[in-house]
Amino acid sequence: MERLKYLHETNKNIIITGIPRAGKSTVAFEISKRLNYNLVQLDSIVEAMKRAFPDFEVIKKPDGIMEVSKSTPFIIEYLKELNDDPPRKKGINYVIEGSDIDLNEFYKHFAKDDFIVVGICYLDRSAEEIYHTMKKYDTIIDWSYYMEDDELLKYSEALVSRNKRYAESFQKHDIKYYDVSHDRNKVLKEIENDIVREVQSNSWEPL
């Protein structure tokens with residue numbers, strides 16, 4: 001009985017997904033430090049694969065908003081590897097962040113309680129506000145930092161409608177999500193604290 005209990009009391013890995021430039025990386029980095037979890041940035045992995053393998057491209061609608069990605073099968077299989085039982089039984093866990101996660105496909109392969117999944121979006125922001133937020137918070141390590149102003153504004157306009165689809169997807173799959181339209185830093189800290197509390201309330205010590 002004790003052995004069976006041990007097999008089922010493994011900490012869950014964490015997925016933070018949602019709209020680009022909303023603070024996913026910031027939250028994931030802080031959580032990884034507080035919980036001593038490994039940090040995985042899916043978008044960086046996918047971008048590297050696109051550069052290495054040109055056929056591994058994103059399929060886009062005419063308006064430039066990503067709808068379907070060839071990366072989805074890879075992401076699903078990669079998440080299966082990260083969520084394998086042996087590492088978690090040894091106390092090896094991951095906080096995974098990225099925008100390029102197809103939740104419809106994700107829940108064909110994973111149960112509701114396989115991961116802690118949290119969404120982030122900004123529903124009450126205009127394209128101009130999104131643009132100015134990126135100009136304010138982007139650093140040299142952010143790909144959008146290198147966009148020309150007119151290109152960045154066009155991208156911001158695309159994100160407005162994309163935000164709505166993220167929120168609809170979160171609601172469809174009953175995923176808790178946070179709106180960082182206002183008091184961005186305060187909400188990001190709230191996300192961090194909520195996730196840490198959830199993990200710590202169900203934590204276990206590896207043998």
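Points worth noting:
- Close Cβ contacts (under 6 Å, 6 or more residues apart or on different chains) running from residues in the range 9-28 that are buried (at least 24 other Cβ atoms within 10 Å of the Cβ) to residues that are of a type in the set (Gly, Ala, Ser) and part of a helix (DSSP H, G or I) comprise 16/28.
- Top-ranked residue of the range 143-164 - restricted to ones that are in a helix (DSSP H, G or I) and acidic (Asp, Glu), ranked as surrounded by the most Cβ atoms within 10 Å (Cβ to Cβ): 157
- From the options 181, 169, residue that is in contact (Cβ under 8 Å) with a residue 24 or more places away in the chain, surrounded by fewer than 19 Cβ atoms within 10 Å (Cβ to Cβ) and among the small types (Gly, Ala, Ser): 181
- Of all residues in the range 152-207, those that are closer than 19 Å to residue 37 by Cα and aromatic (Phe, Trp, Tyr) total 1.
- Among the residues making up the range 34-82, those that are touching a strand residue (DSSP E or B) at 6+ places or on another chain (Cβ under 9 Å) and modelled with pLDDT of 90 or more are 35, 37, 38, 39, 40, 41, 42, 75, 78, 79, 82.
- From the list 17, 26, the lone residue that is at pLDDT below 95, under 24 Å from residue 186 (Cβ atoms), β-branched (Val, Ile, Thr) and under 12 Å from the mean Cα position of the chain (by Cα) is 26.
- Counting the residues of the range 180-207 that are in contact with a strand residue (DSSP E or B) (Cβ under 9 Å, 6 or more places away or on another chain), at pLDDT 95 or above and among the charged types (D, E, K, R) gives 2.
- Search result, residues across the range 150-186 that are of a type in the set (Ser, Thr, Tyr) and farther than 11 Å from residue 131 by Cβ: 161, 166, 169, 177, 178, 181
- Pairs linking a residue in the range 134-154 that is within 17 Å of residue 44 (Cβ to Cβ) to a residue that is at pLDDT below 90 and part of a helix (DSSP H, G or I), with Cβ atoms under 6 Å and 6 or more positions apart or on different chains, are 138/144; 138/145; 144/134.
- The residues on offer are 138, 85, 114, 100, and the sole one that is acidic (Asp, Glu), at pLDDT below 90 and closer than 21 Å to residue 31 by Cβ is 100.
- If only residues of the range 117-134 that are part of a helix (DSSP H, G or I) and either aliphatic (A, V, I, L, M) or at positive phi (or both) are counted, the one that is modelled with the lowest pLDDT is 134.
The values are calculated or read from the model by the stated rules, or taken from the named source; none is laboratory data. Keep in mind it's a predicted model, so treat the numbers as computed, not measured. Here Cβ is always computed from backbone atoms with ideal geometry, including for glycine, and neighbour counts include all displayed protein chains.
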